[in-house]
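Each value in this text was obtained by applying a stated rule to the coordinates, not by laboratory testing. The structure presented is a predicted model; accordingly, all values stated were derived computationally and were not measured. Please note: Cβ atoms are built from the backbone with ideal geometry, for glycine as well, and neighbour counts cover all protein chains shown.
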Amino acid sequence: MATAIASIGDEQAEIPAVIAPSLREGAEFEPLPEATLRRLYTYMLKCRTVEEKIRILFKQGRFSGNYFAAVGQEATAVGTTLDLLEKDAIAPSHRSFITHIMKGTPLKLLFAQLYGRKTSPDQGRSAPAHCGYAPLNIITPSSTIAAQLNIGTGIALAFKMRREPNVVIALSGDGSTSLGFWHEAMNFAGVQKLPMVFVVINNLYAESVPLYLQTAVTDISLKAQGYGIPGVSVDGNDVVAVYQAAREAIDRARAGEGATLLECKTYRWYGHSEIDPAKYRTPEEVQEWKQRDPIVAMEQRLEGLGLWNEAWKQELIAGFRQEIEEAVDFAEKSPVAEAEECLDHVYSFSVRERELDRKVWSPKFEVVRR
């Protein structure tokens, strides 16, 4: 079994690269079609190109707030969501911004979200990490870690009650597995046999807390046993392994066989956010994981099959950059919301359209007694 050693302070953790290739004992996955392999690579490259541009924009001060990049974790985001259907739902974490790209949220809307503009999915109400998109069933993540999993179980229960063949992909980090929300969602999904795939993105750190201080188990997928659902751990930097495991879990869920816990062992290249220098990690550890770049690994796989060359890569990047620049231009030219709009979608009426003679709100939004 291939392993990687991750230095964590004075400790060392041995991280198995792949625990189980299939949820079906003794089963082997069939080789993927060439078109699927190329799509996996193309989406990973697009996600990387988008996020590196976002990081530059943030450092230039062109949008405020913060950003939680998933650079280095593209294989997990892409592999688990490539085959989702339009009505399938995603319950994302704060580091799942790029799953919007996979589901099809227009890039210009995502950049409007970064800039907090009125044209964004939430009309400029929230920070970049809290971006949902209702038309594609992507729920808005919360600052409360793992809370999105409980909302995801509610959506999955609705799918089951309506007998709709849709699934929910619920994404969270390794740190979430130490919180009550995570266990409540897992337990409920196990009891109700909900059509869900719980994806734990194990990047070894819950912000700055190393994995060995979060949990005593070596493989987070083992926690699935406590809830009566199957669990599998895969190399989260191998997009083919992630995709095959996720596809099998999605097929199980769609067939009414219940939830699956999929642990993807990966690594974020940068800090917890763009304002985190990540001094709790050694340069040697970061460099070792960068050498396991999921995009480079996929390039080598495709090149061996005669499906990749540098010219094609540069052609893809050029197209991505043009789309990104158009999205940035759209965002920067979009208006900001008016202050009074903050109360829209909170009450059953629009403050801007209120009838003054009803004496509900004063012009300063202070309650007026009748």
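A simple spin-label model places the labels of residue 287 and residue 193 5.3 nm from each other, with each point 7 Å out along Cα-to-Cβ.
Counting other C-beta atoms within 10 Å, and keeping those with at most 12, which DSSP coil trypsin sites (Lys or Arg not before Pro) do you find in segment 233-308? Mind dumping the intermediate values first?
Numbers: sites: 247, 252, 254, 265, 268, 279, 281, 290, 292, 301; in loops: 268, 279, 281, 292.
Sparse-neighbourhood loop trypsin sites (Lys or Arg not before Pro): 279.
Run the numbers for residue 278 and residue 339: contour at 0.36 nm per residue of separation, minus the present Cα-Cα distance, in nm. Mind showing how you got there, number by number?
Numbers: separation 61, 0.36 × 61 = 21.96 nm, distance 3.60 nm.
That pair, residue 278 and residue 339, stretches by 18.4 nm at full extension.
Rounded to the nearest 500 deg cm²/dmol, what is the calculated helix-only ellipticity per residue at 222 nm for the chain, with -39500 (n - 2.57) per DSSP H run of length n ≥ 4? Theoretical 222 nm ellipticity from helices: -11500 deg cm²/dmol. Think of the chain as having a plus end and a minus end, set by charges on the Cβ of Lys, Arg, Asp and Glu; of 343, 236, 215, 343 sits farthest toward the positive end of this dipole.
A 24 angstrom limit on the alpha carbon distance is what I want to check against. Which of 313/333; 46/265; 265/313; 118/160 exceed it?
Working: 313/333 30 Å; 46/265 21 Å; 265/313 26 Å; 118/160 35 Å.
As for pairs spanning more than 24 Å Cα to Cα, those are 313/333; 265/313; 118/160.
Computed from the C-beta positions of residue 163 and residue 326 and an R0 of 35 Å, the FRET efficiency is 0.25 to the nearest 0.05.
Remark on residue 336: its backbone amide H falls under 5 Å from those of 118, a criterion applied only to residues 5 or more positions apart or on other chains, H modelled at 1.01 Å from N. Springs between Cα atoms under 10 Å define the GNM used for the chain, and in it the highest mean-square fluctuation of 201, 138, 56 occurs at 56.
When only DSSP loop residues count, what trypsin sites (Lys or Arg not before Pro) in segment 159-246 have their Cβ near at most 15 other Cβ atoms within 10 Å? Intermediate values should be presented prior to the final figure.
Numbers: sites: 160, 162, 163, 193, 223; in loops: 162, 163, 193.
Those satisfying the criteria are 162, 163.
A Förster radius of 45 Å, combined with the Cβ-Cβ distance separating residue 66 from residue 28, puts the computed FRET efficiency at roughly 0.55. Note that the chain carries a Kirkwood radius of 21.7 Å, evaluated over its alpha carbons pair by pair. Seen through its C-alpha gyration tensor, with square-root eigenvalues sorted a ≥ b ≥ c, segment 188-305 comes out oblate because a/c lies at 1.5 or above while a/b is not bigger than b/c.
Amide H contacts for residue 278 (H built 1.01 Å from N in the peptide plane; partners 5 or more residues away or on another chain; cut-off under 5 Å): 272. With a Förster radius of 30 Å, plug the Cβ-Cβ distance of residue 315 and residue 134 into 1/(1 + (r/R0)^6) and report the FRET value to the nearest 0.05. It comes to 0.30.
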